[in-house]
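Here the structure comes first, spelled out in structure tokens, and everything after it is commentary.
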Amino acid sequence: MNLIDRNNRTKNISVWLSAGFISLLILMSITIALSVQEINSLHKYLGKIVNQAIVKKDLVSQMIDANQNRAIIVLKMLYEDDPFEKDDLAIQFGEYAGDFMVAREKLMQMDLSPMELNSLRDSFGKSKIGTVAMTKIVELALSVEDITNEQQDELIKVMTEQTEPARKNVVANMNNIKRAADDSIAKTVVKAKEGAESALQLFWILALFMLIIASTTAFIIFRKVTAASNQLQFMYEQMDQLARNDGLTGLLNRRSFEEHLELSIMRAKRYHNSIAVLFLDLDGFKAVNDSLGHQAGDIVLQKVSALFLEQIRDVDTVARLGGDEFAVILNQPGDRVETEKVATRFLACLESNIELPAGESAEIGVSIGVAIFPKDGETEDELVQKADEAMYRSKKAGKNCLHFAETTESI
């Protein structure tokens with residue numbers, strides 16, 4: 001082979017190597033572009049699912065709160081003698097009914113699963129039964145100046161037999177939709193984690209090729225893929241946080257509270273310990289929202305959450321169940337006296353007004369119900385029900401006090 005032929009062959013090899021190198025770079029660039037596009041599409045898709053789930057949970061919470069507040073107002077009207085106060089309560093009753101319907105209509109317009117749609121329709125049917133009964137009670141309370149004890153007993157019986165089962169059915173159906181939203185977020189978290197793992201696998205494959213071809217190209221790929229992977233990982237952590245914690249206060253949400261309560265009961269049964277479950281409902285919070293606005297209400301919830309956290313130990317749990325309702329799990333709280341001391345700290349921490357921006361302040365109280373494991377119940381549902389009933393006794397007794405499930409005395 002002469003020099004010219006060798007030179008030509010070298011040139012041909014260089015051309016082929018250059019062409020191969022360029023082709024590989026083009027192929028890798030296309031692969032990277034498609035991967036980045038897929039990651040961005042996944043990010044948008046997962047973000048949409050999470051946002052829809054959050055909106056669903058908020059609307060369901062509004063419906064539960066409105067349904068609960070209507071029942072409270074009806075009970076107040078049975079014991080109210082002042083006609084002006086009755087009129088004001090009747091107006092509030094109508095407003096809560098409007099809030100319930102607005103939230104329901106917004107929920108109906110969303111993309112609902114068959115289970116969610118059935119739960120919503122069933123809750124509407126049951127709520128109509130309760131609404132009819134409650135409306136009759138309201139109309140009677142407005143038309144009669146003084147309701148006799150016999151009439152009160154009869155109307156309370158109507159509340160117990162007709163409206164309360166309907167209200168509980170609505171709450172149960174709404175909680176079904178909430179759980180479906182939580183499950184949707186949880187599944188989205190799994191998809192995000194899988195996407196992050198796929199992105200990492202893609203990174204190592206591309207990094208290997210880039211090291212073979214050129215260190216500079218490898219550096220570019222490393223930056224792009226690592227950034228995309230970190231973005232997915234960050235989104236995964238955010239969604240995991242959303243699935244377990246309340247977005248406004250940072251406290252555990254209802255789902256995490258139920259998980260913690262289940263674990264606490266298991267440990268208590270194993271080691272023969274006690275548990276105290278506290279249900280806390282803020283007094284005066286609606287007035288803050290109405291007079292100062294929802295932004296002020298959000299600040300109040302955040303500051304109250306911080307105060308509640310200061311009252312417990314590291315082994316205890318505070319959660320926001322929704323709206324202005326909170327729950328606390330006290331592990332090994334001691335005897336009833338010790339439990340009462342801890343519970344009264346939650347009352348004491350709200351004795352001073354909550355300071356707000358622009359020199360404003362909010363006067364907030366709290367009604368508390370306490371249930372003890374195993375005396376008041378040995379299951380999650382029993383403890384939650386007993387604590388909830390005790391909390392409503394505190395509301396009925398004049399608010400800003402606490403009741404134990406075992407007694408009707410207020411503290």
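At a glance:
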quantity	calculated
Any hit, region 41-52, residues being among the aliphatic types (A, V, I, L, M), in a helix (DSSP H, G or I), modelled with pLDDT under 70 and over 30 Å from LYS106 (Cβ atoms)	no
Checking MET77 against (1) modelled with pLDDT of 75 or more; (2) crowded, with 19+ Cβ neighbours inside 10 Å, the condition it does not meet	(1)
Single unsatisfied condition, SER367 versus (1) exposed (fewer than 15 other Cβ atoms within 10 Å of the Cβ); (2) of a type in the set (Gly, Ala, Ser); (3) in contact with a Ser or Thr (Cβ under 8 Å, 6 or more places away or on another chain)	(1)
Selection within region 364-374 - among the hydrophobic types (A, V, I, L, M, F, W, C) and not in a loop (DSSP other than H, G, I, E, B)	VAL366, ILE368, VAL370, ALA371, ILE372, PHE373
Matching entry among ILE372, ILE368, ILE364, ILE354 (being of a type in the set (A, V, I, L, M) and under 17 Å from ARG267 (Cβ atoms))	ILE372
Of all residues making up region 49-71, the number that are surrounded by 18 or more Cβ atoms within 10 Å (Cβ to Cβ), β-branched (Val, Ile, Thr) and closer than 20 Å to ASP99 by Cα	2
Restricting region 251-271 to residues that are outside any helix (DSSP H, G or I) and of a type in the set (A, V, I, L, M, F, W, C), the residue that is farthest from THR379 (Cα to Cα)	LEU251
Region 375-394 residues that are in a helix (DSSP H, G or I), paired with ones that are among the polar types (S, T, N, Q) and modelled with pLDDT under 95 (beta carbon under 7 Å, 6 or more apart)	ARG393/THR408; SER394/SER410
Test result for LEU350, closer than 24 Å to ALA287 by Cβ, in the same structural domain as ASP290 (by TED's automatic domain parsing) and not hydroxyl-bearing (Ser, Thr, Tyr)	yes
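The values are calculated or read from the model by the stated rules, or taken from the named source; none is laboratory data. In this text the structure is predicted, and so the values were computed from the model without any measurement. Here Cβ is always computed from backbone atoms with ideal geometry, including for glycine, and neighbour counts include all displayed protein chains.
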